[in-house]
Protein chains: 2
Amino acid sequence: MAKTAGIVIIGNEILSGKVQDVNAAYLVRELRLLGVDVKKISMIPDDIEVIAAEVSAFSHQFDVVFTSGGVGPTHDDVTIEGIAKAFGSRVVRSPELERLLRSRYGGNVNEARLKMTEVPEGAVFISEDGLWLPAVSVENVYIFPGIPDLLRQKFDLIKERFRDQPYVLRRVYVKEGEGNIAASLNALLREFPELMLGSYPELHHRDYKVMLTLESKDEGYVQTALGRLLALLPQGSVHQVS
Amino acid sequence: MAKTAGIVIIGNEILSGKVQDVNAAYLVRELRLLGVDVKKISMIPDDIEVIAAEVSAFSHQFDVVFTSGGVGPTHDDVTIEGIAKAFGSRVVRSPELERLLRSRYGGNVNEARLKMTEVPEGAVFISEDGLWLPAVSVENVYIFPGIPDLLRQKFDLIKERFRDQPYVLRRVYVKEGEGNIAASLNALLREFPELMLGSYPELHHRDYKVMLTLESKDEGYVQTALGRLLALLPQGSVHQVS
């Protein structure tokens, strides 16, 4: 069970625009559905010092941290070293991972592939059916590959351990612009200070100008706030509620 | 002219998976084409303290910083307040922006819309043809709206001021997996330590398994390194060079 999460996307390819990250958006959606509040996403280069500093900060700030990228066999795969450094631990070769690697690659195991058996000392392996390599965690940090298919497969198999109470979300589509409804929103928040209230303008939709989102883990609170909002908004301004 | 950049994407809607950010990927691509090295992207909530801390850190670390989001008229638009706090300055209403706002909205200017005339004290306005509202900067921080169309329009009109020497990029598509070419890449980097060398596995492509990228601001250096790489890779393993 996790209440807050941070996501660290690692890779020069993202920051130089060669590859567009899709893992952050995937994890954010999945974690939200699990009831976990993602507090921060960081995208950083393949740089041991930067990874160490970011993972250390995230590990202290959030219940759980997910990293993506930098765990392959080549020179630019330095995530393991960075995370080890974050926790002041050494990088070691795991005999368990080496056994799995050798059973997959047989005679094709070389120094480069053996790099993939390296983990920060004290790492925990989470083996689930369907994974040929276990998911690896250190303290509250879960280390995922950057390849989207592999990340999704691994996350999917271990995600239940993060499940928390779900969010309840209602949406209200409004025909007036933000400038004309801001006062209603402020009034609503004075009465419902715990409500997570979002206001998102939409330039190109024919039927509405703003999508409002009302969210809480308390369903009754959201429903009562929704009723109040519908009374506060200018008459005839609501296009749809969902 | 800017050598390094940081991007701060602000908005609860991104972190809760309601809206997928497209601004980071856009800015990264554009900045790379301009020859600017994006060092970090951060996605954070609509929270004044968090914005202030992040913008302050980015402003010290990078030549130029771009923020996206949180500049509208509603309660969750707190970017201006956060950035003011980052620089220890006050939020003030700009008479210049108010004049522009009144000439656009006429009688429809209310308290909510006037919020959009607020800027950190000492902000600089960059008026360019085609912008009804100027781009706003404070120190080395450029403040952009989160709506992708508006961000692109503003960035496009001011981007030339960030142009630096361009990157030269060559790509090599290889039929062998990373585990079989890692030694060649390590050998290349020993000879060309300044080369930006990326290695990106591709699971689903018929014709190749890895895309290698060679990059530098020195064209001759990239070309020489490319020649050497082609000699180092296993014979017959190159699918294509571009």
> What number of residues within the stretch B:103-116 are among the basic types (Lys, Arg) and either at pLDDT 90 or above or open to solvent by less than 80 Å² (accessible area, probe 1.4 Å) (or both)?
Replying inline: 2
>> Please count how many residues of the stretch A:118-135 are open to solvent by less than 20 Å² (accessible area, probe 1.4 Å) and closer than 15 Å to A:Ile83 by Cβ.
In response: 3
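Residues checked against (1) at negative phi; (2) surrounded by fewer than 17 Cβ atoms within 10 Å (Cβ to Cβ); (3) part of a helix (DSSP H, G or I); (4) touching a helix residue (DSSP H, G or I) at 6+ places or on another chain (Cβ under 8 Å):
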{"site": "B:Leu97", "(1), (2), (3), (4)": "yes, no, yes, yes"}
{"site": "B:Ile143", "(1), (2), (3), (4)": "yes, no, no, yes"}
{"site": "B:Val172", "(1), (2), (3), (4)": "yes, no, no, yes"}
{"site": "B:Glu176", "(1), (2), (3), (4)": "yes, no, no, no"}
> Could you say which residue among B:Leu197, B:Leu203 is free of Cβ contacts under 8 Å to residues at least 40 places away in the same chain, at the interface with another protein chain (Cβ under 8 Å from one of its Cβ atoms), farther than 14 Å from A:Glu13 by Cα and not basic (Lys, Arg)?
Replying inline: B:Leu203
>> If a residue must be basic (Lys, Arg) and part of a strand (DSSP E or B), how many such residues does the stretch B:148-170 contain?
In response: 1
> Could we say that A:Lys154 is buried (at least 19 other Cβ atoms within 10 Å of the Cβ) and either over 23 Å from A:Gln61 (Cβ atoms) or within 14 Å of another protein chain (Cβ to nearest Cβ) (or both) here?
Replying inline: yes
>> Given the options B:Glu81, B:Glu49, name the one that is within 25 Å of A:Gly35 (Cβ to Cβ), open to solvent by 20 Å² or more (accessible area, probe 1.4 Å), modelled with pLDDT of 95 or more and touching a helix residue (DSSP H, G or I) at 6+ places or on another chain (Cβ under 9 Å).
In response: B:Glu49
> Can you name the residue in the stretch B:52-78 that is crowded, with 20+ Cβ neighbours inside 10 Å and of a type in the set (A, V, I, L, M, F, W, C) and, of all such residues, is farthest from the chain's Cα centre (by Cα)?
Replying inline: B:Val78
> Yes or no: B:Gly130 more than 21 Å from the chain's Cα centre (by Cα) and part of a loop (DSSP other than H, G, I, E, B)?
Replying inline: yes
>> One residue is enough: does the stretch A:6-22 have a residue meeting the conditions aliphatic (A, V, I, L, M), touching a Leu at 6+ places or on another chain (Cβ under 7 Å) and closer than 24 Å to B:Glu215 by Cβ?
In response: no
> Just checking, which of A:Val92, A:Val78 is on the phi < 0 side of the Ramachandran plot and within 14 Å of another protein chain (Cβ to nearest Cβ)?
Replying inline: A:Val78
>> If I filter the stretch A:157-170 down to residues being among the charged types (D, E, K, R) and within 14 Å of the chain's Cα centre (by Cα), which single residue comes out as least open to solvent (accessible area, probe 1.4 Å)?
In response: A:Lys159
>> For the stretch B:40-59, give me each residue that is touching a Ser or Thr at 6+ places or on another chain (Cβ under 8 Å), of a type outside the set (Val, Ile, Thr) and facing another protein chain (nearest Cβ under 7 Å).
In response: B:Lys40, B:Ser42, B:Met43
> Among the residues of the stretch B:1-39, which ones are more than 7 Å from chain A (Cβ to nearest Cβ), part of a helix (DSSP H, G or I) and within 10 Å of the chain's Cα centre (by Cα)?
Replying inline: B:Asn23, B:Ala24, B:Tyr26, B:Leu27, B:Glu30, B:Leu31
> Which of the residues spanning the stretch A:185-207 are surrounded by fewer than 20 Cβ atoms within 10 Å (Cβ to Cβ) and in a helix (DSSP H, G or I)?
Replying inline: A:Asn186, A:Ala187, A:Leu189, A:Arg190, A:Glu191
> All but one of (1) more than 10 Å from every other protein chain (Cβ to nearest Cβ); (2) in a helix (DSSP H, G or I); (3) of a type in the set (Gly, Ala, Ser) hold for A:Ser137; which doesn't?
Replying inline: (2)
> Failed condition for A:Glu202, given (1) at pLDDT 95 or above; (2) within 12 Å of A:Val174 (Cα to Cα), with all others met?
Replying inline: (1)
> What about A:Val210, is it surrounded by 20 or more Cβ atoms within 10 Å (Cβ to Cβ), more than 28 Å from the chain's Cα centre (by Cα) and at pLDDT 95 or above?
Replying inline: no
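The values are calculated or read from the model by the stated rules, or taken from the named source; none is laboratory data. If you're wondering where the values come from, they're calculated on a predicted model, not measured in any experiment. Positions of Cβ are generated from backbone atoms using ideal geometry, with glycine treated the same way; all protein chains shown enter the neighbour counts. Surface accessibility is based on the protein's heavy atoms, side chains included, excluding ligands, DNA and RNA. Shrake-Rupley method; radii C 1.70, N 1.55, O 1.52, S 1.80 Å.
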